[in-house]
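The structure appears right after this line, and notes come after that.
Just so it is clear, none of the values below were taken in a lab; they were calculated from the coordinates. Note that the coordinates shown come from a computational prediction; the quantities given were computed from them, not determined experimentally. All Cβ positions, even for glycine, are placed from backbone atoms using ideal geometry, and neighbour counts span all protein chains on display.
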């Protein structure tokens, strides 16, 4: 590889490094005032979430009990084990990893703020996320829009009722017909959301998109009165997705079945088959308290705060600089 004289330099300048430090300080103050405990969990685990949309990074361990270790894409499973052991409300600022993700808003290694609130549902947690944004970014109060209404308004289709063939035809706006015909329903909906809807979300104020299809929320509870939907939300600002939250599923048998279905999807797509996290399922069986949790991307938050146009501008060394 040919390097120039400036290739050693960081992507973030001094001002943005300081902005990151200030942001982390405000976050810690916010949770300290609310009596939420900061915790740390391992980056390396013997299992990972089998979400087909996330490809893990892994390494081989050659010490005692050798084998494959996964760099965590989220501290979620470990944090829920802490919750099941009686930790109470907790948060974590962690480094997480996802293979193949690089671009204006993506880096394979990034910073994630994740927290869990026993006794909260997803609506109460959205209010707390909104409060955190007002403290850290001085944003106006957030607005709310259901997933179904967003599709009806911006894409002029119903995400649950529209036939798959019609969704695939819509996908041909961005893909070849052969590519579009290979997509399942959730693939089509994710494509339409990212290309036809997201740009309009959170333009004037933060926006919570809520009540996602249950097929897109394997770790969230289904709505009691509408089991085709799940208690999941995402937070958007200026068309950028910042956070993903759930009213957490705490039924071990149902969670094991959902993991089984996701592993089947991964196999069908020719993706890596991670082992099932039996310790996590045992923690659910022991008793995960009713709680809501959310993961918020700190690098994207910092981009919005500082006006950065590329994630490289808020990282000391992004993937192209290491």
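Within the stretch 81-136, all pairs of alpha-carbon atoms sorted by distance into 5 Å bins from zero give the percentages 4, 15, 17, 19, 18, 17, 8, 1.
Need one word for the stretch 225-322: rounded, prolate or oblate. Basis is the Cα gyration tensor (sqrt eigenvalues a ≥ b ≥ c); a/c below 1.5 gives rounded, then a/b vs b/c decides. Prolate is the answer for the stretch 225-322, as a/c is 1.5 or above and a/b outweighs b/c. Given R₀ = 56 Å, FRET efficiency for residue 316-residue 153 by Cβ-Cβ distance, to 0.05? Rounded to the nearest 0.05, the efficiency is 0.90. Each residue of the stretch 161-265 gets 116 Å³ once the volume of the Cα convex hull is shared out per residue.
Given only helices, namely DSSP H runs of n ≥ 4 each adding -39500 (n - 2.57), what is the per-residue ellipticity at 222 nm of the chain, to the nearest 500 deg cm²/dmol? It lands at -10000 deg cm²/dmol. Working note: Debye formula, equal point scatterers on the alpha-carbon atoms of the stretch 218-274, no solvent; log10 I(q)/I(0) at q = 0.27, 0.31 Å⁻¹ is -1.01, -1.09. In the stretch 6-57, Rg over Rh equals 1.13, where Rg is the alpha-carbon radius of gyration and Rh the Kirkwood radius from pairwise Cα distances.
When its C-alpha radius of gyration is set against 2.2 N^0.38 Å (N residues), the stretch 105-234 gives a value of 1.17. Once you have all Cα-Cα distances for the chain, histogram them in 10 Å bins from zero and send the whole-percent values. Final binned percentages: 5, 24, 35, 27, 9, 1, 0.
Net length available on complete extension from residue 38 to residue 179 is 46.3 nm, with 0.36 nm assigned per residue and the Cα-Cα distance removed. Dividing the mean sequence gap of close Cα pairs (under 8 Å, 6+ apart) by how many residues the chain holds gives a relative contact order of 25 percent.
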